[in-house]
Amino acid sequence: MINDKAILVGVDGSHASYKATWWAANYAKHAGLTLQIVCAYSLPSYAAVSFDATYTAMGDDNAAHNDAQEILSKAKAIADEQGVKAATLIVTGDPASVFVELSRNYNLIVIGNRGKGGLAERLLGTTSSSLPAYAYCPIVVVPYTDDEGNLMHLNNKITRVAVGSDESKWGLKALEIAADFASSWKAQLDVISAVPNVKGAAEDKGVMDSYMDDLAVRIKPIEQAHPDLEIHKEIVPGNAVETLTKASYDHDVVVVGSRGRGGFTGLLLGSTSQGLLQHAVSPVYVVPRKYVEAAESQLDTVPSSPADVPTKPIDDISGVEAVQVPTAGAEQASAIESKIDPEHK
């Protein structure tokens, strides 16, 4: 069941997780990848915590298992609607630790963010325990609504990609990944470097020019690797999180690097008033620390892939069960899709 050329998407029955499934399936179809759909729950309080619905058999593992299968069947129908092959897993126990172990085996993990509660909150959590801080592969967090509760539309085709750039190895890896991602879609890449404590006034022009020169140096290898890629670069005075949150309003994806403990991850996953993941209105593609370290450990110049990290068979990961589920009908899939994004055609 494990495929190192697959995307893993987590579902919990919420519309946000089905929206993440739609995004993951759309990307998998574009990239020629398969999809693995995971439903996670924990006992005895799965009814109150794990699933986005009301259940009566509190603490009943059989009922929880059946509910998880029903959720997976609906998510699988969404994938099938887009012509993507999808396998299904059920995860019991602490989803954050299990997902970290599963991340060894995949190119990408996708989760939906609906705010408080649900799978996303348990996987994002705090900086010290979050999936983006410790995963072995990149994470995409798909927003469900904006801060005012308005449903966010996801485009079938990626046309504009933004990446937060700095000189750290995390920032450089994020730049590389963003370029590969944008190139695969033939999309425009906007490289953004936020500069604190600079107001952009005339007297700061020399400082801004210096930052722009540094940015041009960082971009040069990307221009050489992707000569046909349209690249725009921008130096923005101010806070990185505010800058990238603003960019999420007119870009299809925002790519950022994560240092893991502290650093920019603290900005990403900090308070709800500052966290990019809480306020972005487009999917946020996070490049985790362990993924960058795996690439750095290679002696050659071949870009890192999940194959650089030792995989773990499902049988060796406690709480993971591969299951076969029937696909929900096309009518159910269409009904869900109309609710998660009425603009979908």
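The values are calculated or read from the model by the stated rules, or taken from the named source; none is laboratory data. Remember, predicted model here, so these are calculated numbers, not experimental data. Positions of Cβ are backbone-derived with ideal geometry, glycine not excepted, and every protein chain shown enters the neighbour counts.
Take Leu33 and decide whether it is among the aliphatic types (A, V, I, L, M), at pLDDT below 80 and in the same structural domain as Asp61 (by TED's automatic domain parsing). No: the conditions fail for Leu33. Residues in region 212-257 that are of a type in the set (Asp, Glu) and in contact (Cβ under 8 Å) with a residue 60 or more places away in the chain: Asp250, Asp252.
Of everything in region 144-155, what is touching a residue at least 12 places away in the same chain (Cβ under 8 Å), in a loop (DSSP other than H, G, I, E, B) and under 17 Å from Glu337 (Cα atoms)? Give them in sequence order.
Start the filter on region 144-155 by keeping residues that are touching a residue at least 12 places away in the same chain (Cβ under 8 Å), which leaves 144-147, 151-155.
Subsequent filtering for residues that are in a loop (DSSP other than H, G, I, E, B) retains 144, 146-147, 152-155.
Passing the criteria: Tyr144, Met152, His153, Leu154, Asn155.
Looking only at residues of region 156-172 that are assigned to a loop (DSSP other than H, G, I, E, B) and not β-branched (Val, Ile, Thr), we find that the one that is surrounded by the most Cβ atoms within 10 Å (Cβ to Cβ) is Ser165.
Here Tyr18 meets each of (1) hydroxyl-bearing (Ser, Thr, Tyr); (2) at pLDDT below 55; (3) over 20 Å from Val100 (Cα atoms) with one exception, condition (2). Among the residues of region 157-203, those identified as aromatic (Phe, Trp, Tyr) and at pLDDT 95 or above are Phe181, Trp185. Scanning region 62-89 for residues that are crowded, with 17+ Cβ neighbours inside 10 Å, assigned to a helix (DSSP H, G or I) and among the aliphatic types (A, V, I, L, M) turns up Ala64, Ala68, Ile71, Leu72, Ala75, Ala77, Ile78, Ala79.
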